[in-house]
Amino acid sequence: MLVCCRTAPLADASLSPKLLSSVSCVDHSRVSGLPCAPHSPPLTALLQICTVSMFGAVVVGVGTAGRVRIRDMLAPLPGSPAEKLNVRGFISRRSLDPQQGVSQISVEEAKSREDIHAAFICTENALHEDYIRSFLQAGKHVCVEYPMTMSYKAAAELWDLAQEKGVILHEEHIELLTEDFKELKKEVEGKILQEGTLQFTGGVLKPGFGFQAFSGIARLTWLVELFGELSVTAATMEEDSGTNYSKLIAKLLTSDNRPLTWIEERGPGLPRAKNINFHFDSCTLTQIPPAPSGAVGIFMQDMIQFSAKLAGQVSPEELQREKTRILHCLQLAERIQQLCQS
Ligand code: NAD
């Protein structure tokens with residue numbers, strides 16, 4: 001008897017390859033004879049996730065992040081699901097020679113080729129939304145460097161589109177994969193926060209990276225991962241266009257009404273640094289615990305997470321948890337922007 005693939009969980013290994021191949025070219029409702037769960041991916045996309053053994057990928061935008069993506073796909077961590085990714089080309093607004101032996105191709109070619117299943121969006125932030133939408137619409141999986149978009153609404157729409165198309169939408173979050181952050185998380189676990197501050201300083205961003213609450217989403221994500229869902233009570237932005245200096249101050253509250261302050265300061269010559277001051281009932285943390293670099297690079301760790309999703313190795317619960325966190329952070333960023341601009 002044939003079962004309804006839509007009602008099976010994404011990572012359900014009980015669907016044998018034989019069954020999957022037997023239903024791959026028939027209409028879903030004819031296969032199941034059952035009403036479909038509307039939130040589930042279409043059958044064809046589900047089959048792609050379950051049965052494709054190698055995933056062809058393109059890299060869009062060849063800056064710092066794009067080059068790392070090409071490098072990591074050319075030399076994936078042995079034995080990891082990242083070995084399932086094959087870089088088939090890169091896309092750039094510039095006309096470039098091959099990069100690390102990989103050739104340039106057009107967006108149209110990437111979207112139409114059947115041996116290309118996924119796109120890494122590594123452009124400046126302002127261009128993420130359009131590229132993501134275009135690749136999702138073509139039925140391709142997408143890995144986008146953070147922040148996904150410059151608005152909560154756009155990100156929510158893109159998640160819906162990914163779900164409708166039955167493909168993976170993954171937002172890179174390398175800041176959660178550093179050894180420093182892993183140590184900090186261990187330190188914070190089990191402690192009761194009274195109040196805290198996270199201050200970031202860094203150089204001036206190039207054009208196209210957007211409002212600081214979005215370009216600095218990594219700091220917001222740290223706070224949400226450490227202290228749970230937050231709300232915004234106030235936000236201000238000090239800017240001097242003459243000197244390119246900016247300082248964002250956002251006042252946040254935990255669900256237990258504990259105050260947190262996030263400061264994002266950028267200006268010419270400012271060192272890239274993060275400072276913390278977290279007061280707990282039992283102690284105060286004023287330094288991010290130093291930790292030696294991990295054996296696996298942070299972009300590689302992220303690529304392994306993305307490819308594990310493509311291979312159906314990540315549970316629906318984990319996918320949902322991540323989506324909830326990402327959308328929550330984007331919602332906070334949007335609220336901070338509104339308060340700064342009102
Ligand atoms: P980047 O400035 O190096 O590149 C950004 C874009 O500019 C790319 O599309 C690239 O093709 C283009 N570009 C680069 N040099 C160019 C040139 N000479 N002429 C014309 N175009 C050029 O930025 P990045 O650091 O790679 O960031 C890309 C994305 O990755 C952003 O969304 C960023 O938030 C995210 N990200 C980057 C890092 C990182 O460590 N670099 C970390 C996390 C997230």
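The values are calculated or read from the model by the stated rules, or taken from the named source; none is laboratory data. Fair warning: this is a prediction, and the values are worked out from it, not measured in the lab. When we count neighbours, we look across all protein chains shown, and the Cβ atoms used for this are built from the backbone with ideal geometry, even at glycine. Calculation scope for accessible area: heavy atoms of the full protein, side chains included, ligands and nucleic acids excluded. Shrake-Rupley method; radii C 1.70, N 1.55, O 1.52, S 1.80 Å.
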Exercise for the section: Treating only the Cβ atoms of Lys and Arg (+1) and Asp and Glu (-1) as charged, compute the dipole magnitude of segment 157-272 about its Cα centre; round to the nearest 20 debye. Expected result: 240 debye
Fill in the blank from the handout: Checked against the positive end of the charge dipole of the chain (+1 on Cβ of Lys and Arg, -1 on Cβ of Asp and Glu, about the Cα centre), the farthest of SER342, ASN275, GLY297 is GLY297
Exercise for the section: Counting only heavy atoms of the protein chains, get the accessible area per residue of the chain (1.4 Å probe) and round it to a whole Å² value. Expected result: 46 Å²
Fill in the blank from the handout: Expected sort for 333-340, 282-289, 227-234, 174-181 on mean C-beta neighbours within 10 Å, highest first, is 333-340, 174-181, 227-234, 282-289
Fill in the blank from the handout: HN-Hα couplings for segment 56-64 via Karplus (6.51, -1.76, 1.60; θ = phi - 60°), in whole Hz with x for Gly/Pro, come out as x, 9, 10, 10, 9, x, 10, x, 4
Completion exercise
Rounded to the nearest 5, the percent of DSSP beta bridges in segment 106-249 running antiparallel is 40 percent
Problem - Links that overshoot a 30 Å alpha carbon limit, given the list LYS182/LYS309; LYS84/LYS153; LYS111/LYS247; LYS185/LYS323; LYS140/LYS247 - result: LYS84/LYS153; LYS111/LYS247; LYS140/LYS247
Handout entry: For the chain, share of DSSP beta bridges that run antiparallel, in % to the nearest 5
Key = 55 percent
Completion exercise
In debye to the nearest 20, the charge dipole size for the chain, taken about the Cα centre with +1 at each Lys and Arg Cβ and -1 at each Asp and Glu Cβ, equals 500 debye
Problem - Global geometry of the chain, whether rounded, prolate or oblate, following the gyration tensor of its Cα atoms and the 1.5 cut on a/c - result: prolate
Practice task
Pull out a ≥ b ≥ c, the square roots of the eigenvalues of the alpha-carbon gyration tensor of segment 239-336, then state rounded if a/c is under 1.5, prolate if not and a/b is larger than b/c, and oblate in the remaining case.
Solution key: prolate
Completion exercise
Counting only residues 5 or more apart in sequence or on a different chain, those whose built amide H sits under 5 Å from that of GLU171 are VAL144
Completion exercise
Here segment 205-213 yields Karplus 3J(HN,Hα) values (6.51, -1.76, 1.60; θ = phi - 60°; whole Hz; Gly and Pro given as x) of 7, 6, x, x, 9, x, 4, 4, 5
Handout entry: Integer Hz, Karplus 6.51/-1.76/1.60 couplings in order for segment 254-263, x for Gly and Pro
Key = 6, 5, 8, 6, 8, x, 10, 10, 10, 10
Handout entry: Neighbourhood charge, 12 Å Cβ-Cβ cut-off, centred on PRO292 and excluding it, Lys, Arg +1 and Asp, Glu -1
Key = -2
Practice task
Give the residue from ALA235, ILE217, THR284 lying farthest towards the positive end of the charge dipole for the chain; charges sit on Cβ (+1 for Lys and Arg, -1 for Asp and Glu) and the dipole is referred to the Cα centre.
Solution key: ILE217
Completion exercise
Gyration tensor on Cα atoms of segment 182-321, a ≥ b ≥ c root eigenvalues, a/c under 1.5 rounded, else prolate if a/b beats b/c, else oblate, says oblate
Exercise for the section: Taking the Cα centre of segment 250-342 as origin, work out the dipole magnitude from +1 charges on Lys and Arg Cβ and -1 charges on Asp and Glu Cβ, in debye rounded to 20. Expected result: 180 debye
Completion exercise
Under a Gaussian network model of the chain whose springs join Cα atoms within less than 10 Å, the largest fluctuation of GLU225, GLU238, GLU195 belongs to GLU238
Handout entry: Summed side-chain charge close to SER103 - residues other than SER103 whose Cβ falls under 12 Å, Lys, Arg +1, Asp, Glu -1
Key = -1
Exercise for the section: Just the number, please: carbon plus sulfur as a percent of the accessible area of the chain, 1.4 Å probe, no ligands or DNA/RNA counted. Expected result: 51 percent
